[in-house]
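Have a look at the structure below, then the notes.
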Amino acid sequence: MGFAAIATPAAESVAPIRKVRDFVLYENAKYYSAFPSVVRRPDGEVIVAFRRAPARVAFGEAGESHVDPNSYLVQVRSRDGGVTWTPEPALIYAHAFGGSQDPCLLQLRDGALWCATYGWAFVKPEAVAKLRAPYFQIVPGVIFLGGFLVRSDDGGRQWQGPFYPPHIAPERNHDLHGQPLPAYNRGAMCEGRDGRIFWVVAADDAAQPRKTSNHLLISADQGATWNYASPVAVDPKVSFNEASVYETPKGDLVAFLRTAGFGDHACLARSTDGGKSFQPWQDMGWQGHPLQALRLPDARVLLVYGYRHKPYGVRARILNAECTDFASAKEFVIRDDGGTTDLGYPWSVQLDGNRVLVVYYFNLAGGPRHIAGSVLEIN
């Protein structure tokens, strides 16, 4: 007696990313909270830094702004893997001359913390005309101060600074005091395997139209001093600005770049000689900004980014160890329920063997801008 073969479906491949949960990390309707970054301390404590300013709509104003004279750098903490957080943020830094923006944390292998940021000064109209030109005025009376850093050697309990990076030659503007702008950018720095710190900064290199380019600074002394290394991405039409830099296992430096004037396409630039030079920038072929890269335990790279096209939210891709498959890596949607384009700026950190925390700022139906998070399982 014969038996008919029973066909069994092939085992379905396991999805590389599974979302465990979304949650609100910090929200207060009186404040506009945005632009987070995150690190995990050697003892497991997680620190999230972000920019907090008054919610101007609560004062009766028409809308919120990304610049504010009362914009401060603050932090919250979790000691249970992101389940609970300190309810009230602690101050990292308040700039003496204006609002601070986009705190970008870097934890060194020795445990020291750096936070890179930049600021804006609010100047009365009669004084603006007296400033040394050229200067960058984002809206009338709001003048760019350039970048600075603060440092902590005790896990973020106390911060020293500000420390000012050097001016770079491509930058054309001056600060509030008529001095050449110190280097600046928003995005992740990285500590290389040889102990050097790499930072991709921006420069406003053209007056009409305003156009920015990206350049590499390197510190060989744990962030105490910085030296110009090379241009990262420069183009006569396309602007490059908010950037994160990542070192691959082979030693390549990969800069993930936000663009303007290029359909919101994410771009990439690569150095194979330790930052002495970068190959021509490449279009990654898809939209999203800004980007941040996290090395996973198996050396793959989790790349997270904001998505300011309908449906608004936060997305991710997993790249191979050398970040060469950026064009074909599958996209994963972390959030697609955002109320407006005013959201995103994600940053990720490993929680344990296969769980990753992604933090970002968000709004639902145009409501209060708050700091949110998602826990992902990576397979």
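Can you tell me which residue within the range 190-203, out of those that are buried (at least 22 other Cβ atoms within 10 Å of the Cβ) and in contact (Cβ under 8 Å) with a residue 40 or more places away in the chain, is nearest to residue 241 (Cα to Cα)? Before the answer, list the steps.
Of the range 190-203, the ones buried (at least 22 other Cβ atoms within 10 Å of the Cβ) are 198-203.
Those left that are additionally in contact (Cβ under 8 Å) with a residue 40 or more places away in the chain: 198-202.
Numbers: 198: 16, 199: 12, 200: 9, 201: 8, 202: 5 Å.
That would be 202.
Which one of these is buried (at least 16 other Cβ atoms within 10 Å of the Cβ) and farther than 24 Å from residue 170 by Cα: 281, 347?
From the options 281, 347, the qualifying one is 347.
Of the residues 240, 278, only one is assigned to a loop (DSSP other than H, G, I, E, B), in contact with a strand residue (DSSP E or B) (Cβ under 7 Å, 6 or more places away or on another chain), hydrophobic (A, V, I, L, M, F, W, C) and within 27 Å of residue 114 (Cα to Cα); which? Don't jump to the end; show me each part of the working.
On the way: 240 fails: assigned to a loop (DSSP other than H, G, I, E, B).
Matching residue, one of 240, 278: 278.
I'm trying to understand the selection: among the residues of the range 150-168, which are farther than 18 Å from residue 226 by Cβ and part of a strand (DSSP E or B)? Spell out the reasoning first.
Taking the range 150-168 first, the residues farther than 18 Å from residue 226 by Cβ are 152-159.
Once the filter is applied, which keeps residues that are farther than 18 Å from residue 226 by Cβ and part of a strand (DSSP E or B), the range 150-168 yields only 152.
Does the range 281-295 contain any residue that is under 19 Å from residue 252 (Cα atoms), touching a residue at least 24 places away in the same chain (Cβ under 8 Å) and among the charged types (D, E, K, R)?
yes
Considering 229, 266, 299, which residue is closer than 28 Å to residue 355 by Cβ, in a strand (DSSP E or B), among the aliphatic types (A, V, I, L, M) and at pLDDT 95 or above? Can you show your working first?
On the way: 229 fails: closer than 28 Å to residue 355 by Cβ; 299 fails: in a strand (DSSP E or B).
Result: 266 is the single residue among 229, 266, 299 that is closer than 28 Å to residue 355 by Cβ, in a strand (DSSP E or B), among the aliphatic types (A, V, I, L, M) and at pLDDT 95 or above.
Does the range 85-108 hold any residues that are of a type outside the set (Gly, Ala, Ser), surrounded by fewer than 22 Cβ atoms within 10 Å (Cβ to Cβ) and either touching a Cys at 6+ places or on another chain (Cβ under 6 Å) or free of Cβ contacts under 8 Å to residues at least 40 places away in the same chain (or both), and which are they?
Selection gives 86, 87, 88, 91.
Let's see how each residue does on (1) more than 20 Å from residue 37 (Cβ to Cβ); (2) out of contact with any Asp or Glu (no Cβ under 6 Å at 6 or more places or on another chain); (3) not polar (S, T, N, Q):
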| position | (1), (2), (3) |
| --- | --- |
| 173 | yes, no, no |
| 184 | no, yes, yes |
| 196 | yes, yes, yes |
| 208 | yes, yes, no |
| 221 | yes, yes, yes |
| 229 | yes, yes, yes |
| 236 | yes, yes, yes |
| 257 | no, yes, yes |
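For residue 299, state whether it is in contact (Cβ under 8 Å) with a residue 40 or more places away in the chain and farther than 17 Å from residue 324 by Cβ. Break it down stepwise before answering.
Working: in contact (Cβ under 8 Å) with a residue 40 or more places away in the chain: yes; farther than 17 Å from residue 324 by Cβ: no.
Answer is no for this residue.
Residue by residue through the range 190-204, note down the ones that are part of a loop (DSSP other than H, G, I, E, B) and not basic (Lys, Arg).
Filtering the range 190-204 for residues part of a loop (DSSP other than H, G, I, E, B) gives 192-196.
Result: 192, 194, 195.
Look through the range 19-66, keep the residues that are of a type in the set (S, T, N, Q) and under 19 Å from residue 92 (Cα atoms), and return whichever of them is nearest to the chain's Cα centre (by Cα).
In this case the residue turns out to be 37.
Go through (1) part of a loop (DSSP other than H, G, I, E, B); (2) crowded, with 20+ Cβ neighbours inside 10 Å; (3) free of Cβ contacts under 8 Å to residues at least 60 places away in the same chain for residue 82 and report which single condition fails.
The failed condition is (3).
Can you find a residue that is farther than 22 Å from residue 18 by Cα, buried (at least 20 other Cβ atoms within 10 Å of the Cβ) and not polar (S, T, N, Q) anywhere in the range 359-372?
yes
Sort out which residues of the range 85-119 are under 13 Å from residue 151 (Cβ atoms), outside any strand (DSSP E or B) and not small (Gly, Ala, Ser), and write them in order of number.
Scanning the range 85-119 gives 108, 110.
A quick yes/no check of all residues on (1) surrounded by 14 or more Cβ atoms within 10 Å (Cβ to Cβ); (2) touching a residue at least 24 places away in the same chain (Cβ under 8 Å); (3) part of a strand (DSSP E or B):
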{"site": "148", "(1), (2), (3)": "yes, yes, yes"}
{"site": "170", "(1), (2), (3)": "yes, yes, no"}
{"site": "213", "(1), (2), (3)": "yes, yes, yes"}
{"site": "221", "(1), (2), (3)": "no, no, no"}
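Taking the range 120-146 as the region of interest, how many residues are assigned to a loop (DSSP other than H, G, I, E, B), within 24 Å of the chain's Cα centre (by Cα) and surrounded by fewer than 17 Cβ atoms within 10 Å (Cβ to Cβ)? Even if it seems obvious, please write down each step before you answer.
First, the residues of the range 120-146 that are assigned to a loop (DSSP other than H, G, I, E, B): 123-124, 129-134, 136, 140-141.
Of the ones still in play, those that are also within 24 Å of the chain's Cα centre (by Cα) are 136.
Still in the list and also surrounded by fewer than 17 Cβ atoms within 10 Å (Cβ to Cβ): none.
Summing the residues that are assigned to a loop (DSSP other than H, G, I, E, B), within 24 Å of the chain's Cα centre (by Cα) and surrounded by fewer than 17 Cβ atoms within 10 Å (Cβ to Cβ) in the range 120-146 gives 0.
Just for the range 286-301: of the residues that are more than 26 Å from residue 340 (Cβ to Cβ) and not β-branched (Val, Ile, Thr), which one is surrounded by the fewest Cβ atoms within 10 Å (Cβ to Cβ)? First the steps, then the outcome.
Of all residues in the range 286-301, those more than 26 Å from residue 340 (Cβ to Cβ) come to 293-301.
Keeping just the survivors that are not β-branched (Val, Ile, Thr) gives 293-300.
On the way: 293: 22, 294: 22, 295: 16, 296: 17, 297: 10, 298: 8, 299: 11, 300: 18.
So the residue we want is 298.
Assess whether residue 210 counts as being of a type in the set (Lys, Arg) and either in contact with a helix residue (DSSP H, G or I) (Cβ under 9 Å, 6 or more places away or on another chain) or within 17 Å of residue 276 (Cβ to Cβ) (or both). Outline the logic, then answer.
Values: of a type in the set (Lys, Arg): yes; either in contact with a helix residue (DSSP H, G or I) (Cβ under 9 Å, 6 or more places away or on another chain) or within 17 Å of residue 276 (Cβ to Cβ) (or both): no.
Here the answer is no, as residue 210 does not meet what is asked.
Quick one: is residue 198 farther than 17 Å from residue 214 by Cα, modelled with pLDDT of 95 or more and either polar (S, T, N, Q) or in contact with a strand residue (DSSP E or B) (Cβ under 9 Å, 6 or more places away or on another chain) (or both)? So that I can check it myself, show each step before the final result.
Details: farther than 17 Å from residue 214 by Cα: no; modelled with pLDDT of 95 or more: yes; either polar (S, T, N, Q) or in contact with a strand residue (DSSP E or B) (Cβ under 9 Å, 6 or more places away or on another chain) (or both): yes.
Taking the combined requirement at face value, the residue does not satisfy it.
The values are calculated or read from the model by the stated rules, or taken from the named source; none is laboratory data. Computed from a predicted structure; not experimentally measured. Methodologically, a virtual Cβ is constructed for each residue, glycine included, from the backbone with ideal geometry; neighbour enumeration extends over all protein chains shown.
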